[in-house]
1. So, Ser61, is that one surrounded by 14 or more Cβ atoms within 10 Å (Cβ to Cβ), modelled with pLDDT of 95 or more and in contact with a strand residue (DSSP E or B) (Cβ under 7 Å, 6 or more places away or on another chain) or not?
2. So which residues in segment 64-104 are more than 16 Å from Gly28 (Cα to Cα), buried (at least 16 other Cβ atoms within 10 Å of the Cβ) and among the β-branched types (Val, Ile, Thr)?
3. Considering segment 16-69 alone, what residues qualify as being more than 11 Å from the ligand (Cβ to nearest atom), part of a strand (DSSP E or B) and not basic (Lys, Arg)?
4. In segment 78-108, how many residues are within 13 Å of the ligand (Cβ to nearest atom) and assigned to a loop (DSSP other than H, G, I, E, B)?
Amino acid sequence: MARRNTGPTPATVELVLKRDNRICRRCGCEVYGERGRDWVLHHRRPRGIGGTRRPETNYPSNLVLLDAVCHANVESQREVSYHDGFLVHQYDDPERTAISVAALGEYRWVYLYADGTEGPDHPHERVTVLDGRFQQASPSVIERLFAYHADKLAAAAESASGLVEAEETYTEEAA
Ligand SMILES: [Zn+2]
């Protein structure tokens, strides 16, 4: 193929489809049919010029499943889309920008994490929670979280043995 593929890897596509449960995250309807025609993995922060050089462009945190109708609405109703997190400015990090997703007839604000999971907590707060979610974070996420919270972690490590274990896990994965 002459055309360069600037989209997510097949593994990331599968991860996002699994996370989104094949439901359009804007209207809550099940998606079906063909990718690109009936549904898309929408880039919240557009790839833009040179956008593909930023690795997070194709992280699950920047991708969301939309049906074709909602995708068209996201692109045409840009002000609302920025407010709801379906669009993210180039100067923002998608992982740290909440998105209002449809859930059982309601809307709720969640964060889409780079590792393909999602939750109500700002990524910064995932460190201080120190529950199972922390250890599920991908090495890249953990690396950034460590940078943000190095001082808090050092203090917490003295009182929490669970954190020491988490750090050891991280070191092994990073090696
Ligand atoms: Zn939809």
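1. yes
2. Within segment 64-104, Val88, Thr97 meet the criteria.
3. Leu41, His43, Leu63
4. 1
The values are calculated or read from the model by the stated rules, or taken from the named source; none is laboratory data. What you are looking at is a predicted structure, and each value in this text was computed from that prediction instead of being measured. Counting neighbours? That spans all protein chains shown, and the Cβs are built from the backbone with ideal geometry, glycine included.
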